[in-house]
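The values are calculated or read from the model by the stated rules, or taken from the named source; none is laboratory data. This is a predicted model, so every value here is computed, not measured. Neighbour counts are summed over all protein chains in view; Cβ atoms, including those assigned to glycine, are modelled from backbone coordinates with ideal geometry. Only protein heavy atoms, including side chains, enter the accessible area calculation; ligands, DNA and RNA are left aside. Shrake-Rupley method; radii C 1.70, N 1.55, O 1.52, S 1.80 Å.
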Amino acid sequence: MQYSEIMVRYGELSTKGKNRMRFINQLRRNIQSVLSIYPQVTVTADRDRAHVYLNGTDYVPVAESLKQIFGIQAFSPSYKVEKEMSLLKKAVQEIMLGLYQEGMTFKISSKRSDHSFELDSRDLNQVLGAAVFEVLPTIQAQMKQPDITLKVEIRDEAAYLSYENIKGAGGLPVGTSGKGMLMLSGGIDSPVAGYLALKRGVAIEAVHFASPPYTSPGALKKAQDLTRKLTKFGGQISFIEVPFTEIQEEIKAKTPESYLMTLTRRFMMRITDAIRQQRHGLVIINGESLGQVASQTLESMQAINAVTKTPVIRPVVTMDKLEIIELAQTIDTFEISIQPFEDCCTIFAPDRPKTNPKLKNVEQYEERLDVDGLVARAVAGITVSDIGPELASDPVDDLIADLL
Ligand code: ATP
Ligand code: MG
């Protein structure tokens, strides 16, 4: 027998009262977007659960995708069976024969939403339980915590059988908390920051600063690949490339080495904030952490943050580098992040950035620059593209591609 659909149970959103339908619709759209890589799959959602119809698609990769989507508490693959008692019995017997191992206990748990069906749920439990004893005479029925709980659901269109309950990612459906701009470099930290924001329901748009020809097409592609990795948690993400060359050259020409980093970051923050406003984002998210390098101090954070009143979320600020790396490995961004393409900051970064930049000095150096004009030109020059999920690559295909 082949699975026909996956029943999806919602996570935390059940506590959200009136907003429930908004949450559910958002989650349905997210599931649709993530599963768009499987063209046959369709998704519906009602108040209690969502249904993912496989329509012939292999269950295993779809389940792997579902495990990543935020807002899902658990899901169960199900068999669809015609609502005919003899067929139901046969299906139940076949499933139990496949599952049974010496000494296992079981129960049948039936539910009937089609009230015109010939048997009610109690009778169904009995008749189908008896069918199990026919083929497995020594199996024990047990009501409390049996090894196998076979769920039988009689719905209008058909009956559905399931026995597995697979844990989902939890979190909130991406988009239900509003939208934020993720400052995405090619590094290890910012993709992890993005992931953590997505987990709490914040939809993100990725803002990436590129300084060609100082930065390579490889660095840009790296940021795009990282963005694609983040789409598996809630679907499509807009990728915004900001032309940053003019600004970096200007800063480099007119600012003392020790303040290059601070001024560069302040420009990034201003530009991200302007883009946020244009595109109706509520917050800025970045991958800043403390103490990894000399520039990552609270004084530095304060000097950079001073250009905006917009809330800046720094999800990894309190994490150790090793913890961040571990998460990066879990979400599969680490291997991309360590590819050796320099981003704009590495190239223009001084050896010894100021660990304690003074706002008075910063402002004085910025007076030498046409701050408003530089920001406006960068914002006017952005390119926006939509990045969608990708099919997990087949290791065998990859091997063949490498050999060719
Ligand atoms: P990451 O690992 O995310 O690159 P990092 O530890 O290298 O972070 P910094 O280089 O100090 O830290 O950068 C701090 C944050 O500034 C980054 O996490 C990112 O949010 C943002 N940022 C840096 N460079 C860029 C860039 N080229 N485009 C977009 N955001 C950037
Ligand atoms: Mg970096």
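Highest GNM mean-square fluctuation among Val152, Val127, Val92, for the chain modelled with Cα contacts below 10 Å: Val127. Relative contact order for region 179-402: what is it in percent, counting Cα pairs under 8 Å that are at least 6 residues apart? Relative CO of region 179-402 lands at 33 percent.
At a 1.4 Å probe radius, which order do Phe348, Phe267 fall into by accessible area, largest first?
Numbers: Phe348 25, Phe267 0 Å².
So the residues, ranked largest to smallest area, are Phe348, Phe267.
First obtain the Kirkwood hydrodynamic radius of region 5-167 from its Cα pairs, then insert it into the Stokes-Einstein equation at 4 °C and 1.567 mPa s, and state the resulting D in µm² per second as a whole number.
Numbers: Rh = 17.0 Å.
Using the Kirkwood radius from Cα pairs, D works out to 76 µm²/s.
Can you give the FRET efficiency for Val135 and Gln278, using 1/(1 + (r/R0)^6), R0 = 60 Å, r = Cβ-Cβ distance, to the nearest 0.05? Could the numbers behind the result be given before it?
Numbers: r = 65 Å, r/R0 = 1.09.
Efficiency computed from Cβ-Cβ geometry: 0.40.
Spacing of the modelled spin labels on Arg22 and Thr318, each 7 Å from Cα toward Cβ, amounts to 2.8 nm. With protein chains left intact and a 1.4 Å probe, residues in the chain average 49 Å² of accessible area per residue. Of all beta bridges that DSSP places with both ends in the chain, some 55 percent have antiparallel geometry. Once the Cα atoms are used to define both axes, helix 321-330 deviates from the longest principal axis of the chain by about 40 degrees. For the chain, the fraction of 1.4 Å probe accessible surface lying on carbon and sulfur atoms is 51 percent.
Which whole-number percent gives the relative contact order of the chain, counting Cα pairs below 8 Å spaced six or more residues apart? Spell out each step's value before the answer.
Working: 751 pairs, mean separation 71.2, N = 404.
18 percent.
Decide, for region 87-239, between rounded, prolate and oblate: order the square roots of the alpha carbon gyration tensor eigenvalues as a ≥ b ≥ c, take rounded if a/c falls under 1.5, and otherwise choose prolate if a/b is larger than b/c, else oblate. Because a/c hits 1.5 or more and a/b exceeds b/c, region 87-239 counts as prolate. From helices alone, the chain scores -12000 deg cm²/dmol at 222 nm; the rule is -39500 (n - 2.57) for each run of n ≥ 4 DSSP H residues, then divide by the residue total. Computed over the alpha carbons of the chain, Rg followed by Dmax gives 26.9, 88 Å.
Shape class for region 209-345, computed from the alpha carbon gyration tensor (a ≥ b ≥ c): rounded, with a/c under 1.5. The long axis of helix 20-34 is offset from the longest Cα principal axis of the chain by roughly 80 degrees. Among Val81, Val60, Val202, determine the one that fluctuates most according to a GNM of the chain built with springs between C-alpha atoms less than 10 Å apart. Of Val81, Val60, Val202, the most mobile in the Gaussian network model is Val60. For the chain, the longest principal axis of the C-alpha atoms and the axis of helix 85-99 are separated by about 60°.
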